Amino acid sequence: MENQDTPQIITHIEHNLNHSLFDCKWIPCSAKFVVIGSLPKGSGTIEIFEITSGEVRKIREIERPNSFKCGTFGASSDVERRLATGDFKGTLEIWDLEKSTQVYITKEHTDIINSIDGMGGSTVNCGAPEIVTGSRDGTIKVWDPRQRGKPVVNMQPVQGESKRDCWAVAFGNSFNDAERIVVAGYDNGDLKMFDLRTMSLRWECNLKNGVCCAEFDRKDIPMNKLVATTLEGKFHVFDVRTQNPAKGFAQVMDNTTKSGTIWVARHLPQNRDIFITCAGNGQVSLWKYEYPEQRYRTDDKGAACGVPGKLRRLQRMVVSTQPINALEWNRDHQGLAVATAYDQYVRVLVTTKLNLQ
Amino acid sequence: MEKAFEIQKQVRDNVKTFQTYLTDLENWEAEMKRKEAALNGVFEQDLPPVRSKLKKEKPVVVPKKKEPRISSFDYKSWDKFDVDKACEDVEMEEVGPVSLDSKKSQQAKLEKLREEAQYEKERGNTYVKNEKWDEAISCYSRAIELVKDDAIYFANRGLCYLKKDSLHQAESDCTEALRLDPTYVKALQRRATARERLGSLRAASHDLNEVLRLEPHNHAARKQLEAIKARMGTKGSKSKASPSTTPTIESKPIITAKTTPKIVELPDEPTPVQDSTEKWRTGAGEGITVIKTVKKPPHLRSKRPLKNIPIQEIQLGKTSPEKPPTRLKIIELEDDLAHGDSNNNESKSEKDKESRITEEKGKGDMTEKIVSGSPESVKLNSDTIVTEKNIKNLVPPVNSVQFMSEWKYLKGKGDARSDYLSIIDPSKIPSIFENALESDVLSDVLTILHANVGKFSGKGVAAYLQAMCRVKRFGALAMFLTDSDKKILTDLLHHCKTVEKLNDEAIADLKNKYEI
């Protein structure tokens, strides 16, 4: 049970907004975050909040005719801090938040962009700044903010294959300028791993339920672990260090919580083995992945085969009455997180004692 | 009890931790705000290239340096640009801080200069592409000032001088390039061109030989060399007087690369070596008229259909039997004109025209005759051939179509027509024409008969006249005979009466038929 070192999850600030919220992101190098949402009349909003002594204060708001769905700062440097957003119509925009204007607009997707991820903006020697978007139109496109208009990579089902709604995309394995991987989750439970260096599908599997979120524990290291969450309260943790030609990656699956859809999983920036999952019943759970003694063994054919570890739940807490659809840890301050939920609240969560784990 | 205490302690503990955390958070917030305010400086990052543009990006990296100061299109500013000063600046920049470690700085400085020179060369190359020789020369000169031991800069500047016809400078630049790199084929070729144009053919051929030694398959060089040799043959003694070649340089080993086609220019007036095939081609000394192909752009070509001209072999040495072509349009080009055209001979693009080359015994005095490819002249030529043909090859027609085609073909050649007519058996005439005799043909026939009465003496003009009358619908045709035709007929009848002793009855009958 609980002991002295058990982390505590506390809702530090709760702020009610009168519209739907879809995503929230910390602005790098600041105590501010953006909340991306949609007004009842259908227009989209980007709001910037700042936390000051236990309160949030709205300092800017951008409203545009189309609802925004998701956003990321991943491809922007810490100085420019430009937000890339995807909207319901399939438009990718990059915003200069200081001036409240777009610096990049392109509409190559024909349907809603469900998920977006960026990387390369603030890292050094970890590849070009790039943004990946996954859309209901079945395609995944990779963008470079320096190349206008056209994606640098476009992944779509071959002609004749049915188009699946892509719900989740994430970068990873970008440990040098050449390597980079995109992992994508689809509504039918497919999880696909694309290698951008070789431009090939590296691996795929089906998780039986629609994949709501996928995330590598770190983007800028040789890929280590991958978490994928699905409907029906399940999530899978893959050890992606060791790929067996036959069995693929070792995985451990958790479906103990019976909490409905797990909307999002986020790794702690300060500790890659700890991650949080946010469930449909408004509960957040803090997990720790415990490695096995040997991460891989050699199977009877002489090929390396990964060995799954164990999952330990550190803490759980119901913080909302509705599903929590987005959460992000603060990069600069351990234990600080911002989350949005369908109860139209944006919350700043605090998790203590993470350093003790 | 223990348990309760424990829980209580834990709760208190947690609250304390949380309080600490919040204090931390507040401090952090303040710090972040301060930090954020300081985040103003421009943040330059060395980013990897955009995916899929990986290949392109590389060469662009070097030239960054001077760009912001003077745009590359601002030639005036560049003209004023003081290279020495720039070099000094560069040196100072490099030497200044690192001067303690002299070896290192030297290295770095050289690197820097090289980079700079390379950049100048790139710019020069761009100018060359745009054919801006002067700008290019100044770029290369700057590059040479920066790095004195690169053959490429000299050779490139040499090319520019060559293009500007500054031949002496071109030569000396190439020589310098070759001093640095004796196997630099391009420089060799450029020098050869320069020397050739300077008139020092021997030195030029030397260079080209060297090129060929280094690159045996260099066609441009081979061609050029041949041309030079030809020239040397024609004005051998002159070449000795060639001005600027230093023999010492010539003797040096030299190398050439494939020339860009631009560089190698063929000598202005190549005098073709007259070998046997050449002779054969011009027909020199054989008393033959050679009809050469003439190349015309498509829009200037005749629209008329090509005429079929049978080619007949005539033994050499046999004099052509017939009279010169009767028509007036034969154009004979003067010999020297023909020479000027000789370039055209090379292009044998149009086979059909070539096939018209006919051999014919000409009058001995003519060695060359060029008949321009225009349709008239071609026809002229065919005329002469046709006459020959008439004598031997004509076959009597069996129907009006054959007759008409041949008749039309022989149009304008009275002799040929009379020959043709004479081989037709008069008794067959009605069956040949059936009902297809036209009045103009009839009058033509009459004219021919009248003009060449002698030829028809064997069969008798009267026989022809009578035969014509038997052609169907002749009565109608007779009505269209013109006065001149009737005059001719009268003459013919008189001839029949007097020479062929036709009886009066027959004459009267004919007169009646021809409605005289």
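Can you work out the FRET efficiency for the pair residue B:455 and residue B:398, with r the C-beta to C-beta distance and R0 = 35 Å, to the nearest 0.05?
0.95
Could you tell me which of rounded, prolate or oblate describes the range A:73-228, using a ≥ b ≥ c as the square roots of the eigenvalues of the alpha-carbon gyration tensor, with rounded for a/c under 1.5 and, failing that, prolate when a/b is larger than b/c and oblate otherwise? Could you put the intermediate results ahead of the total?
Details: a/c = 1.76, a/b = 1.21, b/c = 1.46.
Oblate, because a/c is 1.5 or more while a/b does not exceed b/c.
Full-extension gain between residue B:498 and residue B:168, please, as 0.36 nm times their residue separation minus the C-alpha to C-alpha distance.
Length gained between residue B:498 and residue B:168: 109.7 nm.
If a/c stays under 1.5 just call it rounded; otherwise compare a/b with b/c (prolate if a/b is bigger, oblate if not). Do that for the range A:9-356, with a ≥ b ≥ c from the square roots of the Cα gyration tensor eigenvalues.
oblate
Can you give the FRET efficiency to the nearest 0.05 for residue B:26 and residue A:197, using r as the Cβ-Cβ distance and R₀ = 41 Å?
Efficiency at R0 = 41 Å is approximately 0.40.
Given an 8 Å cut-off on Cα distances and at least 6 residues of separation, report the relative contact order of the range A:9-356 as a percent.
Values: 1059 pairs, mean separation 45.9, N = 348.
Rounded, it is 13 percent for the range A:9-356.
What's the average, rounded to a whole number, of partner chain beta-carbon atoms within 10 Å of each residue's beta-carbon in A:327-333?
Across the residues of A:327-333, the mean count of other-chain Cβ atoms within 10 Å is 2.
Sorting B:223, B:132 by accessible area (1.4 Å probe), largest first, what list results?
The residues order as B:223, B:132, largest area first.
At 1.4 Å probe size, what's the solvent-accessible area of residue A:221? Round to the nearest 10 Å².
40 Å²
Rounded to the nearest 0.05, what FRET efficiency do residue B:149 and residue B:229 give with R0 = 41 Å and r taken as the Cβ-Cβ distance? Could you check?
Calculated transfer efficiency: 0.70.
Among A:124, A:213, A:37, whose Cα lies farthest out toward the positive end of the dipole of the range A:9-356, if unit charges sit on the beta carbon of Lys, Arg (+1) and Asp, Glu (-1)?
A:213
Over chain A, with a Gaussian network built from C-alpha contacts below 10 Å, which listed residue (A:79, A:35, A:240) shows the highest mean-square fluctuation?
A:79
In nm, to one decimal, how far is the residue A:61 label point from the residue B:436 one, both placed 7 Å along Cα→Cβ?
A separation of 10.1 nm, rounded to one decimal place.
Given the options A:17, A:226, A:97, state which has the largest fluctuation in a GNM of chain A using a 10 Å cut-off (strictly under) for Cα springs.
Maximum fluctuation in the GNM of chain A, among the listed residues, is at A:17.
Which residues make up the longest stretch of chain A that has no GluC sites (Glu not before Pro) in a DSSP loop with at most 14 other Cβ atoms within 10 Å?
The longest uninterrupted stretch comes out as A:162-292.
Largest first, what is the accessible-area ranking of A:106, B:482 with a 1.4 Å probe?
B:482, A:106
Roughly how crowded by other chains is peptide B:14-21, in terms of the mean Cβ count from those chains within 10 Å of each of its Cβ atoms?
Taking all residues of B:14-21 together, the mean is 5.
At 1.4 Å probe radius, can you tell me the per residue accessible area of the range A:9-356 in Å²? Before the final figure, lay out each step's value.
Working: 13040 Å² over 348 residues.
Here the per-residue accessible area is 37 Å².
Between chains B and A, what is the buried accessible area in Å², counting both sides, with a 1.4 Å probe and ligands, DNA and RNA left out, to the nearest 100?
3000 Å²
Report the label-to-label distance for residue A:111 and residue A:18 in nanometres (one decimal), using points 7 Å from each Cα along the Cα→Cβ vector.
3.4 nm
How much of the accessible area of the range A:217-312, probe 1.4 Å, is carbon plus sulfur, in whole percent?
Details: 1910 of 4000 Å².
Carbon with sulfur: 48 percent of the solvent-accessible area.
Testing the spin-label approximation: label points 7 Å from Cα along Cα→Cβ at residue B:75 and residue B:301. State their distance in nm.
Placing both labels 7 Å beyond Cα along the Cβ direction yields 4.3 nm.
Can you tell me the length gained on complete extension of the stretch residue A:205 to residue A:148, counting 0.36 nm per residue apart and subtracting the Cα distance?
17.2 nm is the gain from fully extending residue A:205 to residue A:148.
Test of understanding: extend the Cα→C-beta vector of residue B:38 to 7 Å, then name every residue of the range A:321-347 with backbone N under 17 Å from that spot.
Answer for the range A:321-347: A:332-333.
Output the Kirkwood hydrodynamic radius of the range A:1-148, Cα pairs only, in Å rounded to one decimal.
Working: mean 1/r = 0.0617 Å⁻¹.
Computed over Cα pairs of the range A:1-148, the Kirkwood hydrodynamic radius comes out at 16.2 Å.
Indicate the gyration tensor shape class of the range A:36-112 (rounded, prolate or oblate), computed on the Cα atoms with a ≥ b ≥ c the square roots of the eigenvalues: a/c under 1.5 is rounded; otherwise a/b larger than b/c is prolate and the rest oblate.
oblate
Which of the trypsin sites (Lys or Arg not before Pro) found in the range A:1-76 are loop residues per DSSP with 10 or fewer other Cβ atoms within 10 Å of their Cβ?
Qualifying residues, ordered by number: A:41.
Rounded to the nearest 10 Å², what accessible area does residue B:493 have for a 1.4 Å probe in the complete protein model?
About 10 Å², ignoring ligands and nucleic acids.
Quick one: accessible surface of residue B:5, probe radius 1.4 Å, all protein chains present, in square angstrom to the nearest 10.
Answer for residue B:5: close to 130 Å² accessible.
The values are calculated or read from the model by the stated rules, or taken from the named source; none is laboratory data. No experiment lies behind these values; they were computed from the predicted model shown. All Cβ positions, glycine included, derive from the backbone under ideal geometry; neighbour counts span all protein chains shown. For the accessible areas, the whole protein counts, side chains as well, though only heavy atoms, and no ligand, DNA or RNA atoms are used. Shrake-Rupley method; radii C 1.70, N 1.55, O 1.52, S 1.80 Å.
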